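Trainee: The structure follows.
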Amino acid sequence: MTGPSGPARPAGPRLRLPLRGRGDEQPYGRRRTGRPARLTAIGAGVVAVLATLAVAGLDRLLFGDLGWLFGLGYLVVCFQLAVRVRYIDLLAAPISGPIAFAVALLLLAPVGSSGVTAQVVSLATGLALRAGWLFSGTGLAALIVLARFVAQRRIQRSR
């Protein structure tokens, strides 16, 4: 039996592709609530070290030394850490940023000679020469964490 638009379809269940969902449902996983994913303290430390090492490696690869790209990348990492860390782990953001900065300097900064003393001197020199970036990123993270803490306390008091 054919109708005006073509052959008739069988009366069985219609197959749906997973990507053709309705507007209110998500085809895979749970439904997103709109809140960003939050990092734990350990997660913030791991993300800080990995992201800072990635930016430092890219800067070293492109320019041969750790310069302005490393500093800007560190600022972005500190901002993201402070925004995405859980409320209960707020202190991890301003602490894990400088640790990641020092690890990146220790692993990727050029060293003049071999030995432990040369590594320590190179790390101290790198921290001293890049203190502006280090304090700016740490201060940015601390200000954001402080603002989040104050805002959360006001919300809790109003309840």
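Trainee: Of all helices (runs of 4 or more DSSP H) completely enclosed by the range 61-159, which ones contain at least 1 residues that are within 27 Å of residue 37 (Cβ to Cβ) and touching a strand residue (DSSP E or B) at 6+ places or on another chain (Cβ under 8 Å)?
Mentor: In the range 61-159, 68-84, 92-108, 131-158 are the helices (runs of 4 or more DSSP H) which contain 1 or more residues that are within 27 Å of residue 37 (Cβ to Cβ) and touching a strand residue (DSSP E or B) at 6+ places or on another chain (Cβ under 8 Å).
Trainee: Within the range 20-36, can one find any residue that is under 30 Å from residue 147 (Cα atoms), at pLDDT 95 or above, loosely packed, with under 15 Cβ neighbours inside 10 Å and not basic (Lys, Arg)?
Mentor: The answer is no; no qualifying residue exists.
Trainee: Within the range 103-132, can you find the residues that are touching a residue at least 12 places away in the same chain (Cβ under 8 Å) and of a type outside the set (A, V, I, L, M)?
Mentor: If the condition is that a residue be touching a residue at least 12 places away in the same chain (Cβ under 8 Å) and of a type outside the set (A, V, I, L, M), then 110, 119, 122, 126, 130, 132 are the ones that fit.
Trainee: Within the range 77-85, can one find any residue that is more than 19 Å from residue 53 (Cα to Cα) and at pLDDT below 90?
Mentor: no
The values are calculated or read from the model by the stated rules, or taken from the named source; none is laboratory data. Just so it is clear, the structure is predicted and the values come from calculations on it, not from any experiment. Don't worry about glycine lacking a Cβ; one is built from the backbone with ideal geometry, like all the others, and counts go over all protein chains shown.
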